[in-house]
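Written below as structure tokens is the structure these notes are about.
The values are calculated or read from the model by the stated rules, or taken from the named source; none is laboratory data. Worth saying up front: this structure is predicted, and the values here are computed from it rather than measured. Ideal geometry is used to build each Cβ from the backbone, glycine not excepted, and the neighbour counts take in all protein chains shown. Side chains are part of the model used for accessible areas, which takes the heavy atoms of the whole protein and leaves out ligands, DNA and RNA. Shrake-Rupley method; radii C 1.70, N 1.55, O 1.52, S 1.80 Å.
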Amino acid sequence: SDEQIEKIVKALSSRTRRQILHHIQEEPMDVSNIAASLEMTEANISAHIKKLEEAGLITCDYASGDHGVRKISRLKFNKLVIKF
């Protein structure tokens with residue numbers, strides 16, 4: 001739908017969100033590791049991950065960690081094709 005395409009395009013318009021997609025391309029990563037690799041705060045990365053998840057580009061799972069629950073992000077698709 002047009003609404004879904006708009007969400008995807010908006011999600012991909014952010015350089016940070018594209019960097020996150022690149023980092024989780026090879027293997028799923030948790031918010032802490034993504035934040036460390038991009039030298040950003042976990043709060044900032046969490047907000048970007050939420051946008052990617054809302055756009056349907058990633059899925060997130062939760063696992064127990066050393067300091068509570070870890071949110072682990074993974075790509076939902078290997079390839080994205082938008083048809084008009």
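Can you tell me which of ILE49, ILE8 is modelled with pLDDT of 95 or more and aliphatic (A, V, I, L, M)? The match here is ILE49.
Close Cβ contacts (under 6 Å, 6 or more residues apart or on different chains) running from residues in segment 71-82 that are among the polar types (S, T, N, Q) to residues that are not in a strand (DSSP E or B) comprise SER73/ILE24; SER73/ILE49.
Let's see how each residue does on (1) among the charged types (D, E, K, R); (2) open to solvent by less than 80 Å² (accessible area, probe 1.4 Å); (3) farther than 25 Å from ASP2 by Cβ:
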| position | (1), (2), (3) |
| --- | --- |
| ARG17 | yes, yes, no |
| MET29 | no, yes, yes |
| MET40 | no, yes, yes |
| LYS51 | yes, no, no |
| LEU57 | no, yes, no |
| SER64 | no, no, yes |
| VAL81 | no, no, no |
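A count restricted to segment 14-52 and to residues that are touching a residue at least 40 places away in the same chain (Cβ under 8 Å), under 21 Å from ALA63 (Cβ atoms) and assigned to a helix (DSSP H, G or I) stands at 4. Selection within segment 1-13: residues that are part of a helix (DSSP H, G or I) and out of contact with any Lys or Arg (no Cβ under 8 Å at 6 or more places or on another chain). The member of this set that is least open to solvent (accessible area, probe 1.4 Å) is ILE8.
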